[in-house]
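Shown next, in structure tokens, is the structure this report addresses.
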């Protein structure tokens, strides 16, 4: 039995240049659709198409959800929608509003496209320069979300010493804490312990010596007469002295 195959299919060549919507990952689209469903229940379906959308509002929302995901939260605890699903939905709304002409574009002043490319090209060159000059210290590592919970959560002064103790224990287990960091941690732990002891030690009031009253300097007594006036020695003239000597 012989089977003949068509050597070429004209539709194949034509289809390869069209929008490849089949490449859209179903998982990501599903998460985005859940965010859009929440928006539909709150504001109505396709409200942003006719009512318009302000760029700064959705760019800020997309950034917030992206930062929440970077901080380790996958889904919103209230809606159970994926944080990146919200981000995708915000970007989709801006794109649709821009294409439909209903976008309120309040982005900051634009810079030329070539300046944008040069900005990131210079950053890339700087990163290559830094990578050629520095390397990871011996015993150091790049921390990821997989290291969450390695240290005790530090919620205040009461937990600071405990977190330091956990870090010291890790260094004793050859977990990769550099020697200089270990010494700095020990100094910090010592200072925190002293601070805690000082907080729980009642302070003793130090009595200050009372200032001595100012005393007036003794004044020389002055001889005064019966009426209280000064008395000066009586002067005699030479004639009177001559008479008295006779």
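Take the stretch 129-150 and flag every residue that is surrounded by fewer than 10 Cβ atoms within 10 Å (Cβ to Cβ) and either more than 30 Å from residue 73 (Cβ to Cβ) or touching a residue at least 24 places away in the same chain (Cβ under 8 Å) (or both).
Result: 130, 131, 132, 133, 134, 135, 138, 145, 148.
So, restricting to helices (runs of 4 or more DSSP H) that lie completely within the stretch 25-105, which ones have at least 2 residues that are over 30 Å from residue 145 (Cα atoms) and touching a helix residue (DSSP H, G or I) at 6+ places or on another chain (Cβ under 9 Å)?
Passing ranges, in order: 26-43, 47-51, 83-100.
Consider only pairs whose beta carbons are under 6 Å apart and that are at least six residues apart or on different chains; among these, list those whose first residue lies in the stretch 174-198 and is under 26 Å from residue 139 (Cα atoms) and whose second residue is modelled with pLDDT of 65 or more.
Listed by first residue and then by second, the contacts come to 176/139; 176/141; 178/137; 178/139.
If you take the residues of the stretch 46-70 that are modelled with pLDDT under 95 and surrounded by fewer than 19 Cβ atoms within 10 Å (Cβ to Cβ), which of them is farthest from residue 105 (Cα to Cα)?
Among those that are modelled with pLDDT under 95 and surrounded by fewer than 19 Cβ atoms within 10 Å (Cβ to Cβ), it is 46.
Need pairs with beta-carbon distance below 9 Å; first residue without any contact (Cβ under 8 Å) to a residue 24 or more places away in the chain and within the stretch 20-40, second surrounded by fewer than 15 Cβ atoms within 10 Å (Cβ to Cβ) and in a helix (DSSP H, G or I); sequence gap 6+ or separate chains.
If the second residue must be surrounded by fewer than 15 Cβ atoms within 10 Å (Cβ to Cβ) and in a helix (DSSP H, G or I), the pairs left are 40/47.
The values are calculated or read from the model by the stated rules, or taken from the named source; none is laboratory data. On a predicted model such as this, the values are computed, not experimentally measured, just so you know. All Cβ positions, even for glycine, are placed from backbone atoms using ideal geometry, and neighbour counts span all protein chains on display.
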